[in-house]
2 protein chains.
Amino acid sequence: MTQSAPETPRTAAPPRIVTACVLIIGNEILSGRTADENLAFLARGLNEVGIRLREARVIPDLAEVIIDTVDEVRRRFDYVFTTGGIGPTHDDITAQCIADAFGVPLVLHPDAKRLLETHYLPGQLNAARLRMAMVPQGAALLPNPISRAPGFQIGNVYVLPGVPNIMRGIFEQLKYRLAGGDKVLSRSVSCALGEGTLAADLAALQERWPDIEIGSYPYFRRGDFGVTLVLRGTDRERLAAATEAVTALIRALGGEPQEGLGEG
Amino acid sequence: MTQSAPETPRTAAPPRIVTACVLIIGNEILSGRTADENLAFLARGLNEVGIRLREARVIPDLAEVIIDTVDEVRRRFDYVFTTGGIGPTHDDITAQCIADAFGVPLVLHPDAKRLLETHYLPGQLNAARLRMAMVPQGAALLPNPISRAPGFQIGNVYVLPGVPNIMRGIFEQLKYRLAGGDKVLSRSVSCALGEGTLAADLAALQERWPDIEIGSYPYFRRGDFGVTLVLRGTDRERLAAATEAVTALIRALGGEPQEGLGEG
């Protein structure tokens with residue numbers, strides 16, 4: 001950050017934007033029985049490699065809904081990540097639905113079968129467990145460092161398990177192979193002013209910095225209240241200058257700005 | 001539960017099904033900065049009054065996306081609940097988007113204005129704060145027991161704030177006014193068997209009880225692993241009988257069933 005922030009900001013080059021959608025598949029999330037832990041993790045991980053999560057959906061274990069949703073979002077976003085429904089039981093229908101969405105058959109993947117064979121004792125690898133080696137024709141396996149069942153990738157769709165630590169293990173290994181665009185950087189400034197006190201000037205500031213997204217999030221903790229302003233953009237210098245403008249605004253309105261630094 | 005569970009289950013009357021979709025509006029959820037806390041709460045609260053959450057979406061603070069999504073889901077589901085984007089700042093665009101989705105103007109609601117007037121000292125109720133009293137024409141206010149900004153309802157769409165404790169306060173007051181259908185009851189049975197060991201017999205059992213949804217969820221904790229089977233349905237007797245069948249299956253396969261009781 002410099003003291004000589006430009007009065008009229010220079011024009012930034014348009015950022016390279018790569019988008020993603022996450023599909024969380026599972027009745028247990030929609031019933032409220034299980035709280036999803038995967039979305040925030042994937043959101044942060046994708047941002048690390050320059051991919052913007054643009055939408056997430058939680059959908060039930062219903063074939064028609066899964067097929068239609070996958071088919072819609074794989075056309076609208078650069079990447080799609082699904083979680084859930086790839087185990088051995090009757091309610092694990094994600095692999096078949098992905099195959100149907102791509103119009104290809106579900107086939108036994110020889111490498112996935114070998115992985116399962118090394119994991120189970122003779123006689124334990126029954127027909128149900130072998131289902132975990134079935135993938136849509138043309139899919140590539142995603143290495144699973146924790147358990148024996150791999151996820152898989154077909155086209156721009158990455159199919160991950162729902163169990164959080166296993167999902168994380170697979171995603172951590174695959175994320176650096178994803179082709180991202182410009183990474184979104186963020187900075188935040190908090191103060192004890194009310195949102196309504198800041199709103200008019202903040203809106204004017206947002207208009208002046210159209211390429212920096214300014215979000216305003218009130219907080220209430222321990223009887224204390226205030227607002228955190230989050231600035232996000234791909235150009236580090238412009239982000240710094242916009243943050244400086246926000247900080248100056250807070251001071252001008254009698255507030256005490258507290259800065260934070262971050263990504264995402 | 002009785003010892004005389006029917007061998008051939010009697011036919012259940014078709015349940016009255018009322019559906020809902022939740023829209024979580026906010027860039028901060030998609031960036032991973034904030035973990036959503038509202039979805040699981042709404043899922044459980046809706047189930048309490050006989051409404052089934054069928055889908056949830058997390059969407060960004062972009063007018064076009066909000067308008068299109070609201071317009072799509074309000075036609076597909078009996079109820080729609082949105083969270084986020086109803087504060088006083090430039091990034092709070094939900095009310096305008098809902099108005100656009102319904103094709104009506106955004107108007108100042110006199111009762112909402114009066115609420116704000118009682119809350120703020122003279123001079124503090126500026127134009128930005130007055131925006132919180134703007135609702136789509138024809139909308140009804142939703143009482144807010146915690147802060148001064150009401151949510152609102154128009155048609156089958158209920159618009160709630162994103163701050164969890166305020167959202168909860170409003171929802172708790174409105175939920176008993178919602179017209180639900182048959183409530184989904186649930187029971188669960190856990191055991192230390194592997195999913196693959198149970199899978200084939202469980203699939204057969206699911207076929208025999210088509211109106212009872214049987215979900216299989218593996219767990220891994222403290223080096224321990226096993227599976228929780230969750231049974232859900234609207235007919236208490238049939239649910240009990242199906243649970244008994246699952247319990248018997250676990251015993252037959254050498255497992256030790258541990259029952260839980262619940263809703264949702």
(message) If I filter the range A:167-179 for residues that are more than 30 Å from residue A:13 (Cβ to Cβ), surrounded by 18 or more Cβ atoms within 10 Å (Cβ to Cβ), at pLDDT below 95 and not small (Gly, Ala, Ser), do I get at least one hit?
(response) no
(request) Filter the helices (runs of 4 or more DSSP H) completely within the range A:24-142 down to those with at least 3 residues that are over 21 Å from residue B:43 (Cα atoms), at the interface with another protein chain (Cβ under 7 Å from one of its Cβ atoms) and within 22 Å of the chain's Cα centre (by Cα). (result) A:38-48
(message) Quick test for you: out of B:25, B:29, pick the one residue that is modelled with pLDDT of 95 or more, under 29 Å from residue A:210 (Cβ atoms), touching a Ser or Thr at 6+ places or on another chain (Cβ under 6 Å) and assigned by TED's automatic domain parsing to the domain that holds residue B:150.
(response) B:25
(message) Going residue by residue through the range B:176-186, is there one that turns out to be over 14 Å from residue B:45 (Cα atoms), touching a Ser or Thr at 6+ places or on another chain (Cβ under 7 Å) and at the interface with chain A (Cβ under 9 Å from one of its Cβ atoms)?
(response) no
(message) Based on this model, can you work out whether residue A:246 counts as touching a helix residue (DSSP H, G or I) at 6+ places or on another chain (Cβ under 8 Å), of a type in the set (Val, Ile, Thr) and not assigned by TED's automatic domain parsing to the domain that holds residue A:120?
(response) yes
(request) Mind listing whichever residues of the range B:75-89 are free of Cβ contacts under 8 Å to residues at least 40 places away in the same chain and more than 19 Å from residue B:148 (Cα to Cα)? (result) B:75
(request) Among what's in the range A:207-223 and is among the acidic types (Asp, Glu) and not in a strand (DSSP E or B), pick the residue that is nearest to residue A:196 (Cα to Cα). (result) A:207
(request) Tell me, yes or no, whether the range A:188-207 has at least one residue that is modelled with pLDDT of 95 or more, closer than 30 Å to residue B:91 by Cα and acidic (Asp, Glu). (result) yes
(message) Any residue that is touching an Asp or Glu at 6+ places or on another chain (Cβ under 7 Å) and either more than 30 Å from residue A:82 (Cα to Cα) or at pLDDT below 95 (or both) - is there at least one of those in the range A:222-230?
(response) yes
(request) Scan the range A:155-184 residue by residue and report those that are free of Cβ contacts under 8 Å to residues at least 24 places away in the same chain and in a loop (DSSP other than H, G, I, E, B). (result) A:163
(request) Please specify each residue of the range A:252-264 satisfying the condition of being in contact with a helix residue (DSSP H, G or I) (Cβ under 7 Å, 6 or more places away or on another chain) and either surrounded by 18 or more Cβ atoms within 10 Å (Cβ to Cβ) or not in a strand (DSSP E or B) (or both). (result) A:253, A:257, A:264
(request) Identify the residue in the range B:88-133 that is of a type in the set (Val, Ile, Thr) and crowded, with 21+ Cβ neighbours inside 10 Å and, among all such residues, is farthest from residue B:69 (Cα to Cα). (result) B:89
(request) Go through the range B:211-227 and give me each residue that's in contact (Cβ under 8 Å) with a residue 24 or more places away in the chain, touching a Pro at 6+ places or on another chain (Cβ under 9 Å) and within 16 Å of residue B:200 (Cα to Cα). (result) B:227
(request) Hey, could you check the range A:211-227 for residues that are facing chain B (nearest Cβ under 7 Å) and closer than 12 Å to residue B:88 by Cβ and say which is surrounded by the most Cβ atoms within 10 Å (Cβ to Cβ)? (result) A:216
(request) Could you identify the single residue in B:239, B:202, B:231, B:249 that is buried (at least 19 other Cβ atoms within 10 Å of the Cβ), more than 21 Å from the chain's Cα centre (by Cα) and either closer than 20 Å to residue B:46 by Cβ or basic (Lys, Arg) (or both)? (result) B:239
(request) Being crowded, with 20+ Cβ neighbours inside 10 Å and not hydrophobic (A, V, I, L, M, F, W, C) is the filter here, so list the residues in the range A:35-54 that pass it. (result) A:36, A:38, A:45, A:47, A:52, A:54
(request) Answer with yes or no whether residue A:208 is touching a residue at least 24 places away in the same chain (Cβ under 8 Å), within 13 Å of chain B (Cβ to nearest Cβ), under 27 Å from residue A:14 (Cβ atoms) and exposed (fewer than 14 other Cβ atoms within 10 Å of the Cβ). (result) yes
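The values are calculated or read from the model by the stated rules, or taken from the named source; none is laboratory data. Owing to the predicted nature of the structure, the values given are computational and were not obtained by experimental measurement. Counting neighbours? That spans all protein chains shown, and the Cβs are built from the backbone with ideal geometry, glycine included.
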